[in-house]
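K.L.:
What follows is a single structure, and I will ask about it in a moment.
The values are calculated or read from the model by the stated rules, or taken from the named source; none is laboratory data. Given the structure is predicted, the values throughout are model-derived calculations rather than measurements. When we count neighbours, we look across all protein chains shown, and the Cβ atoms used for this are built from the backbone with ideal geometry, even at glycine.
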Amino acid sequence: MLQYTIRRLLWMIPVLMTVGLVTFVVMHSAPGGPFDRDPSQRQISPAAQERLQAKFGLDKPMWRQFMRYMLIDRDVDSATGEASWVCGAICGNLGPTYTSRGARTVEDTLFAPEKSRPSKFFFSARLGLQGLGLAVLVGIPLGIIAALKQNSLIDYTALFISTLFTVLPSLIVGLLLLLFAVRVLNNWNAYVDVFGKFEVAPKSWSGIKPWILPTLAIGFGSMAFITRLTRSSVLEVIRQDYIRTARAKGLAGWTVITRHVLKNSLIPVVTVLGPALAGLLTGALFIETIFNVPGMARELVKAVGARDYSMIMGGGLFFAFLVAFANLSVDLVYGLLDPRIKVGK
Amino acid sequence: MNSPRWRQSFAYLLLLALLLPVLAACGGTATAPTTESAATTAPAPAEPTVAEAEPTEEAPATEATMDTEMTMEPEMTEEATEEATTEATEDTDGAGTGGDDSTAVSPVGNYLRVNFGAEPDNIDPQKASFVNEIGFIMLNYLPLMTFNTDLEPVPGAAESFELSEDGQTFTFNLRPDMTYSDGEPLTAENFEYAWKRLCDPNVAGDYTSIAFPVVGCEEYYTAFDSGEVTVTDEAELQTLRDGVGVEAVDENTLTIQLKEPAPYFLNVAALWVGAPVREDLVEAGGETWWFDPVNYIGNGPFQLTEWEHQSRVRWERNESYVLDAPTFEAIEGVMITEANVAFEAYRADELDIGGVSSEDLATVQEDEELSAQYEQSSGSCTFYIGMNNAAPPFDNREVRQAFAQAIDRESLAQDLEQGLALPTQSFIPPGIPGYDESIDLWTFDAAAAKEKLDAAGFDYNQEIKYTFSSTALGRARAEYIAAMLQNNLGVTITLDPVDPTVYTSLFKKAAAERPQMFFLGWCADYPDPQNWLSLVFQTGGISADRLNFSNEQFDQLTQQADLLPVDDPERAELYKQAQVLLVEEAPVAFVYNDTVNSLTKPWVTGINRTPLDYFPGIFDLDSIQIRTE
């Protein structure tokens, strides 16, 4: 098991390198560069542009820029003539952000806590975990109920809701939720005041209220997915012979469900939690922008527009790492849940 | 099968019922049911904006022209206590806050809530160049000079100034006993430090080239380019730094020496690049000294006090500000980047000032309350259709003139830019000194234009290539303009989409190979005719170079004017002649100016906007009133 884990962790390195390479190629083939200015305005003077290019190593050949970012490069300071080794992403150096003219590094921007509040990573992590929590805590029970009451009203409703949210992108769900809260719920406050006023751009992050809408918006998609999966999985399991046997030997209905049905039907659900996390991350790109969450994904969206190469690479690599890590965790848990699978054998 | 039919029917009904609001949303986009509370109709206006949100967001930085310029208008936002927001909610219920607005009262208090849009990434005055960055700097700092609402340079931190006989030395007399917002004295030495820092090659500011008229600045800034000086040559760098012609003669006197007479430099002295940053704080904070408001101590109308990055900022009024102090106490800003969301925040009374994007414009105009709060003012950019003056057919003046006359600018501004642009026939935009509203040489007249083209002996068999950067916006514009010219003149225009990266580099080719026809613009650095006419269209100027335009008479007029003091009437006259000549020569066809489209709540009054506003009404903050009771 330990050996397996280590092997899987080592496998992440080529995976991340590939992700890095693809990101790098796509990013550099997109038009524009970090020092371009609106052609209708004063441009950065050519001398300054060259200096900035040299400062960030953008004057080097592409392959070397890539190696420098990901692994290591020998850098000769053009001013002093001194050579030194520069270690890249593999050492945790995600590079300076170009938008700040090199003043702040990617890791500072994403992971450094601010005076009065946690880092951007924590904002995103909280949002993601809440979304996942919603997906699991609502999606699984809903799927089970739908399966147990197959073809009932409740089943159709659950199916409808899950189809709806599978089809609607989180961007649209987010905007509709925002409008619903601001234009409808806020007008109902006079009669039924449950949450108080929803703000379009909440300014405080300590309470629960500012998190409700983004959590719903980001969680609905995964919830829908998990509901459908749970339903079909439970439906399959309850038709198995061993369930019939359990019933035949006189076990109470509830015991059959908790002991036999659930245990077996949740295995595929656990498997998709990894991919579900990826879904949450991509959803976060829009949700954080719509709900003004000062998170990582928003930085990444901004970086793409500004051609902030190091932020795109760094953010992309970190997201890839998260997904790889989640998949590994799921695989390990999988082995524990399903006795037929022996992890590492 | 144990599925009775009625259940299926019910499921379909449910599906239909739930889809209805979505369908309604797709259909009823034009109306904005502010006063309706029915759950099914309320979300309606959201749907169409969603569809367009993405492309706008993704627009590459290089094609930032009309799009970004317009959405960049600082929007607003605010924070409030629980009670205050509850009040606001009641306000917006029912008929909302519009109608008779003479009694409308701010729901939160005597401060302004705005949206700053994208968070600035670096607000170091000597490095910044983006609009959102400049807004932060100019609220926080007061340079030597500032502008009045006619955008003429007027004394700021300097009480008065003198220009030497030869026009090459400015002496600024600072206001006595000035302090920073923390009480530290502000003297001429602070300004000397700031200006020398601007020219520092290690700082490598984006906008330093604007200070190149200062003696020694360019030499210092480009010190490393020759390869002879390196970072470690401290003595050499110090010599270059000392060579920069900015000197604190005494505590309250600063002289700036220029390489050649340049009276327009007064305008540059009013820009953010010369904001008096403090050496002790810059040194203490290192590269990111500006990141924490603790180090970002300024002398401007407001002092940045809180900055929760990517969420909100707060400015408190600076009580030691030397000019007329604003009447409102603070500015609360948020950073909402999505235009639709900012619009919702404005409608929900979370912002006092909001922007209007093209997709929201129809909603605003059809809503009685919102249209009363809507204001369109001119921006600081002029866009033109460029023609390569070095190659046929546009080396012929008559041909260029015919093209200039064949463009229906009204329809471009209304139909193509959806009313977010103002048609123009001349270069300097309204609101900027040098604007000449009498220029109407090329009023649209298809017949006259065609006649002129015939008279010029134009060969109709040739194809004219219109080069544009292949973004959605660029293509729409290209197709519109090409169709217009084909209809009006009978010429053949072929479209030549190029990659946006390539677009800029196309102009670096040899004169005759540069794009034949293209679309570009110019936005003010500083509001002076010199920044428009001389810098852009003198031989070798920014646009003149792209167009291969060179006109001896124009050069003479502008060079002569450049040397005259800014308040000399002869200067204005010379620039006026130059602009008339420029329009007549028609090296390009000027088509429209950008606009700033804003919404202001009825309790905020007295915002005097200028095209250069880095923040709404920034050059006349003290006239802004917020009604609180």
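K.L.:
Please name all residue pairs, on different chains or six or more residues apart, with Cβ atoms under 8 Å, provided the first residue is in the range B:229-250 and is assigned to a helix (DSSP H, G or I) and the second residue is among the hydroxyl-bearing types (Ser, Thr, Tyr).
P.N.:
The qualifying pairs are B:Leu237/B:Tyr220; B:Leu240/B:Tyr220; B:Arg241/B:Tyr220.
K.L.:
Taking the range A:119-161 on its own, how many of its residues are within 20 Å of the chain's Cα centre (by Cα), more than 11 Å from every other protein chain (Cβ to nearest Cβ) and without any contact (Cβ under 8 Å) to a residue 24 or more places away in the chain?
P.N.:
4
K.L.:
With a cut-off of at least 2 residues that are surrounded by fewer than 21 Cβ atoms within 10 Å (Cβ to Cβ) and within 11 Å of another protein chain (Cβ to nearest Cβ), name the strands (runs of 3 or more DSSP E) lying wholly within the range B:275-391.
P.N.:
Numbers: elements: B:302-308, B:312-317, B:330-334, B:353-355, B:374-387.
Here the list reads B:302-308.
K.L.:
Quick one: which of A:Arg68, A:Arg42 is out of contact with any His (no Cβ under 6 Å at 6 or more places or on another chain) and within 30 Å of B:Asn593 (Cβ to Cβ)? So that I can check it myself, show each step before the final result.
P.N.:
Numbers: A:Arg68 fails: within 30 Å of B:Asn593 (Cβ to Cβ).
Selected residue: A:Arg42, the only one of A:Arg68, A:Arg42 that is out of contact with any His (no Cβ under 6 Å at 6 or more places or on another chain) and within 30 Å of B:Asn593 (Cβ to Cβ).
K.L.:
Checking B:Val566 against (1) within 23 Å of B:Met145 (Cβ to Cβ); (2) surrounded by 20 or more Cβ atoms within 10 Å (Cβ to Cβ); (3) among the hydrophobic types (A, V, I, L, M, F, W, C), which single condition isn't satisfied?
P.N.:
Failed condition: (2).
K.L.:
Among the helices (runs of 4 or more DSSP H) contained in the range A:1-71, which hold 3 or more residues that are closer than 30 Å to A:Tyr334 by Cβ and more than 14 Å from chain B (Cβ to nearest Cβ)? I'd like the intermediate steps shown before the answer.
P.N.:
On the way: elements: A:2-29, A:46-55, A:62-70.
Counting at least 3 such residues, we get A:2-29.
K.L.:
Right, something else. Being of a type in the set (Asp, Glu) and surrounded by fewer than 20 Cβ atoms within 10 Å (Cβ to Cβ) is the filter here, so list the residues in the range B:409-437 that pass it. I'd like the intermediate steps shown before the answer.
P.N.:
So the first thing to find is which residues in the range B:409-437 are of a type in the set (Asp, Glu), and the list is B:410, B:415, B:417, B:436-437.
Those that are of a type in the set (Asp, Glu) and surrounded by fewer than 20 Cβ atoms within 10 Å (Cβ to Cβ): B:Glu410, B:Asp415, B:Asp436, B:Glu437.
K.L.:
Could you list all residues from the range B:529-570 that are among the charged types (D, E, K, R), within 26 Å of the chain's Cα centre (by Cα) and either within 14 Å of chain A (Cβ to nearest Cβ) or assigned to a helix (DSSP H, G or I) (or both)?
P.N.:
Here is the first cut: in the range B:529-570, the residues among the charged types (D, E, K, R) are B:545-546, B:552, B:555, B:562, B:567-568, B:570.
Narrowing the set further to residues that are within 26 Å of the chain's Cα centre (by Cα) leaves B:545-546, B:562, B:567.
Listed by number, the residues that qualify are B:Asp545, B:Arg546, B:Asp562.
K.L.:
Within the group B:Thr187, B:Thr179, B:Thr169, B:Thr149, which residue is of a type in the set (S, T, N, Q) and under 19 Å from the mean Cα position of the chain (by Cα)? Give the steps one after another, and end with the answer.
P.N.:
Working: B:Thr187 fails: under 19 Å from the mean Cα position of the chain (by Cα); B:Thr179 fails: under 19 Å from the mean Cα position of the chain (by Cα); B:Thr169 fails: under 19 Å from the mean Cα position of the chain (by Cα).
Of B:Thr187, B:Thr179, B:Thr169, B:Thr149, the one residue that is of a type in the set (S, T, N, Q) and under 19 Å from the mean Cα position of the chain (by Cα) is B:Thr149.
K.L.:
Please enumerate the residues belonging to the range A:53-75 that are loosely packed, with under 14 Cβ neighbours inside 10 Å, charged (D, E, K, R) and modelled with pLDDT of 85 or more.
P.N.:
Hit for the range A:53-75 is A:Arg64, nothing else.
K.L.:
Then there's this: If A:Gly139 satisfies all but one of (1) touching a helix residue (DSSP H, G or I) at 6+ places or on another chain (Cβ under 7 Å); (2) farther than 30 Å from A:Arg231 by Cα, what's the number of the condition it fails?
P.N.:
Going through the list (1) touching a helix residue (DSSP H, G or I) at 6+ places or on another chain (Cβ under 7 Å); (2) farther than 30 Å from A:Arg231 by Cα, A:Gly139 breaks only (2).
K.L.:
Which residue is farthest from the other protein chains (Cβ to nearest Cβ), if the candidates are limited to the range B:194-221 and must be over 28 Å from the mean Cα position of the chain (by Cα) and not hydrophobic (A, V, I, L, M, F, W, C)? Before you say what the answer is, go through the steps one by one.
P.N.:
Step one: of the range B:194-221, the residues over 28 Å from the mean Cα position of the chain (by Cα) are B:215-216, B:219-220.
If we keep only those that are not hydrophobic (A, V, I, L, M, F, W, C) as well, we get B:216, B:219-220.
Numbers: B:Gly216: 15, B:Glu219: 11, B:Tyr220: 12 Å.
Ranking the qualifying residues of the range B:194-221, first place goes to B:Gly216.
K.L.:
Another question about this same structure. Write out, first by first residue and then by second, each pair whose Cβ atoms fall under 7 Å of each other, whose residues are 6+ apart or on separate chains, and whose first residue, in the range B:596-608, is surrounded by fewer than 23 Cβ atoms within 10 Å (Cβ to Cβ) while the second is part of a loop (DSSP other than H, G, I, E, B) and among the polar types (S, T, N, Q).
P.N.:
B:Pro602/B:Thr97; B:Trp603/B:Ser106; B:Asn608/B:Thr149
K.L.:
Does the range A:192-204 contain at least one residue that is in a helix (DSSP H, G or I), β-branched (Val, Ile, Thr) and either out of contact with any helix residue (DSSP H, G or I) (no Cβ under 8 Å at 6 or more places or on another chain) or at the interface with chain B (Cβ under 9 Å from one of its Cβ atoms) (or both)? Full working, then the answer.
P.N.:
Our first condition is that a residue be in a helix (DSSP H, G or I); within the range A:192-204, this holds for none.
Looking through the range A:192-204, none of the residues is in a helix (DSSP H, G or I), β-branched (Val, Ile, Thr) and either out of contact with any helix residue (DSSP H, G or I) (no Cβ under 8 Å at 6 or more places or on another chain) or at the interface with chain B (Cβ under 9 Å from one of its Cβ atoms) (or both).
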